[in-house]
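Structure record follows, encoded as structure tokens.
Please treat every number below as a calculation from the coordinates, not as lab data. These numbers come from a predicted model, not from an experiment. Every residue, glycine among them, receives a Cβ derived from its backbone with ideal geometry; neighbour counts consider all protein chains shown.
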Amino acid sequence: MRIVFFGTPSFAIPTLDALAREHEIALIVAQPDRPAGRGMKMQKPAVVVRAEELELPFAQPQKIRTDEFLESIAALEPDVGIVIAYGRILPGRLLSIPKHGFLNVHGSLLPKYRGAAPIQRAIAAGETETGVTIMRVDEELDHGPMLAIDTADIGADERLPAISERLADLGADAMLRVLRNLARGATIDRHQDHARATHAPKIEKSEGLVTFEEPAAQTYNRFRAFDPWPGLFLESGGQTIKIPEMRTTSGSGAPRTILEVGDGVVVATGEGALRLIELQRAGKPRASAADVARGLGWHAGARIP
């Protein structure tokens, strides 16, 4: 099939690679370069880097609703459009151009977790199962009929990068299967139960704050979900201290009470306790949580100030 591919981050790359092996990629469309990192230098999206490696044509338009852009896509006469985490809602005029419309790899078991951060929200909610859905794209958010659903377990200690990588590979396999069925007219559209839809809004940096008021298990789920960004952090004495490594553990007491300084720093929460294994103060490298705690004057029996 002749394909136009819309995608931006690394999550889209396994599907792009799979499509390039079995189909004709007429054009890859990604977001423009953005400043990133400490130096805020302009960086190419992961999909653009891969397009260059594959020597495939790509575009990074500032706007996708202009007549000029839409006409350029129509001139390619694509059989199908594929969109994965592109970063913008596709307009109806664009969706109608390919012969078979647009298909999407979404990182959840729809209709659960519609939105920008489905994988993170599933982990943060303590889900033990997730997956990918191949769906037809319409003008509403993650709303179209489903063509395939593949499931995957979430390990108790798995973090976002590992789960995202597995789902990206799963999505690539599922998309190839759907396209083979589409080519022979064997796809079956299943409409979503919209009454069961839940939403997965984008992650805000403020969500990484640990107050120790919630149960330890909930905080640990956020820790797994928000790796590497925004990560978890606590505030103490006017300082923001990052928590690069933690685990849940047994223990009880008033929230923020330090139960132990030794093999990590054990802190009581609203239910259970957290063992902080590493901490990082502003402008300093990651270090043993116990060493950082002693430097701050924390001790067992006190509360984190």
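Annotations for the structure displayed:
- Rounded, prolate or oblate (a/c below 1.5 giving rounded, otherwise prolate when a/b exceeds b/c) for segment 1-154 by Cα gyration tensor: oblate
- Qualifying aspartates and glutamates (Cα of each under 19 Å from Cα of Lys205; at least 8 residues distant if same chain): Glu213, Glu214, Asp227, Glu235, Glu245
- Annotation: extensible slack from Arg247 through Ala282 equals 10.4 nm (criterion: 0.36 nm per residue apart, minus Cα-Cα distance).
- Across Lys63/Lys99; Lys44/Lys242; Lys44/Lys202; Lys44/Lys284; Lys44/Lys112; Lys41/Lys202, pairs whose alpha-carbon gap is larger than 25 Å: Lys44/Lys242; Lys44/Lys284; Lys44/Lys112
- Pairwise Cα inverse-distance average, inverted: Kirkwood Rh of the chain (Å): 21.3
- Charge sum, other residues only, whose C-beta stays under 15 Å from Arg256's C-beta, Lys/Arg counted +1 and Asp/Glu -1: -3
- Relative packing of 210-223, 262-275, which averages over residues the other C-beta atoms within 10 Å, highest first: 262-275, 210-223
- Within the shell defined by Cβ-Cβ distances under 12 Å, the residues around Gly101 carry a net charge of -2, with Lys and Arg each +1 and Asp and Glu each -1.
- Anisotropy class of segment 186-305 from Cα gyration tensor, a/c 1.5 cut: prolate
- 11 Å beta-carbon shell around Asp169, net charge (K/R +1, D/E -1): -3
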